[in-house]
Amino acid sequence: MPPKLDINKAGWEQSEFPILCETCLGDNAFVRMSKQEFGRSCGTCARPFTVFRWNPGTGMRFKTTVICQTCAKIKNVCQTCLLDLEYGLPTQVRDTALALQNEAPTSDINREYYAQNMEGKLEGNKSLLDSGRAQAAGKEMLKQLARTDPYYKRNRPHVCSFYVKGDCKRGAECPYRHEMPVDNELSKQNIQDRYHGRSDPVAKKIMAGHAATMGLQPPEDQSVTSLFLSSLPSAATEQSIRTRVAHSLPAIQPSQIKSVVHVAKSRCAFVNFKDRPSAELAAQAWAHGLDIEGERVSVRWGRSKTGGARGSKASPAAVASPIEVDS
């Protein structure tokens, strides 16, 4: 009985060719692939799908698809490395810059049901990712961070586990790399975090480095949880600023925004967060500024005032003052 006619296999996926980025496909113009229908379960929705396996080039390791095409189209990512097909970046970087909300469920109960429903909305190779309404500052950030050239070094063989133990006797004939592994944050990657854009160490490194380049290096004082917005539109109000801030940070709960202090006369505002990680994520998302009512607003870190009298209540504007950033 064909899979589509079997009620137990109705949600299983069949495909003729994988959705891959240029890096994973490799530089071999005559690449040969093996195809296995329902070879494994998808790494995100757990549905069986058609698995492809190939060698991207000489001296490279064999690569395989790890998620189904439905999940890849929903996020517009490669089926193997799970990086964005347009920018070559982790989904967490793209979603943070474009202020996209992650709607895919992460629980085992809902993710398969969600994938089956979304499959009916997909037409051909069309992706459901809509970035047309994204702000100009986010698109500018992605253009600057985009990886346009393929990075074939990512296809190298894995480290030889026997070499690490000192037991490898193959020498130069060993197909794996003879080098000691590096134990850091980048070695703790997994499919779920990469796909859903949460706690991805590669994304954190990219966004933190870019924010520092743009003059938004987090201050050493961990108590600083405020960002200073300057050059606000004359028609901006405290409520409009709070609404725009919340919409531009879908990864942060609105309750994490402690307060928004708007100084209308100076056309500036202080956005105070409840914790330091939320403030750092906002600084990374606003590395190129924040668009409010069609105007680009400058963003800088705030700093605590230390010269006030002990026990006295400071005014909102004195809680955080901008740190001067060299241009």
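The values are calculated or read from the model by the stated rules, or taken from the named source; none is laboratory data. These figures come from a predicted structure and were not determined experimentally. Every residue, glycine as well, gets a Cβ built from its backbone with ideal geometry; the counts of neighbours run over all protein chains shown. For the accessible areas, the whole protein counts, side chains as well, though only heavy atoms, and no ligand, DNA or RNA atoms are used. Shrake-Rupley method; radii C 1.70, N 1.55, O 1.52, S 1.80 Å.
At a glance:
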{"quantity": "Residue identified as open to solvent by 30 Å² or more (accessible area, probe 1.4 Å) and closer than 23 Å to Thr148 by Cα among Glu86, Glu37", "calculated": "Glu86"}
{"quantity": "Among (1) assigned to a helix (DSSP H, G or I); (2) open to solvent by less than 20 Å² (accessible area, probe 1.4 Å); (3) in contact with a helix residue (DSSP H, G or I) (Cβ under 6 Å, 6 or more places away or on another chain), the one test that Ala246 misses", "calculated": "(2)"}
{"quantity": "Any hit, the range 16-31, residues being farther than 21 Å from Tyr195 by Cα, out of contact with any helix residue (DSSP H, G or I) (no Cβ under 8 Å at 6 or more places or on another chain) and modelled with pLDDT of 90 or more", "calculated": "no"}
{"quantity": "Selection status of Phe49, open to solvent by 20 Å² or more (accessible area, probe 1.4 Å) and assigned by the TED database to the domain that holds Asp149", "calculated": "no"}
{"quantity": "Enumeration of residues in the range 250-284 that are open to solvent by 10 Å² or more (accessible area, probe 1.4 Å), among the aliphatic types (A, V, I, L, M) and outside any strand (DSSP E or B)", "calculated": "Ala251, Ile252, Ala264, Leu281"}
{"quantity": "Selection count, the range 23-52, where residues are β-branched (Val, Ile, Thr) and over 19 Å from Asn155 (Cβ atoms)", "calculated": "2"}
{"quantity": "Every residue from the range 193-242 that is open to solvent by 40 Å² or more (accessible area, probe 1.4 Å), farther than 23 Å from Lys143 by Cβ, in a helix (DSSP H, G or I) and in contact (Cβ under 8 Å) with a residue 24 or more places away in the chain", "calculated": "Glu238"}
{"quantity": "Evaluation of Glu13 against (1) buried (at least 18 other Cβ atoms within 10 Å of the Cβ); (2) out of contact with any Pro (no Cβ under 6 Å at 6 or more places or on another chain); (3) at pLDDT 80 or above (one fails), failing number", "calculated": "(3)"}
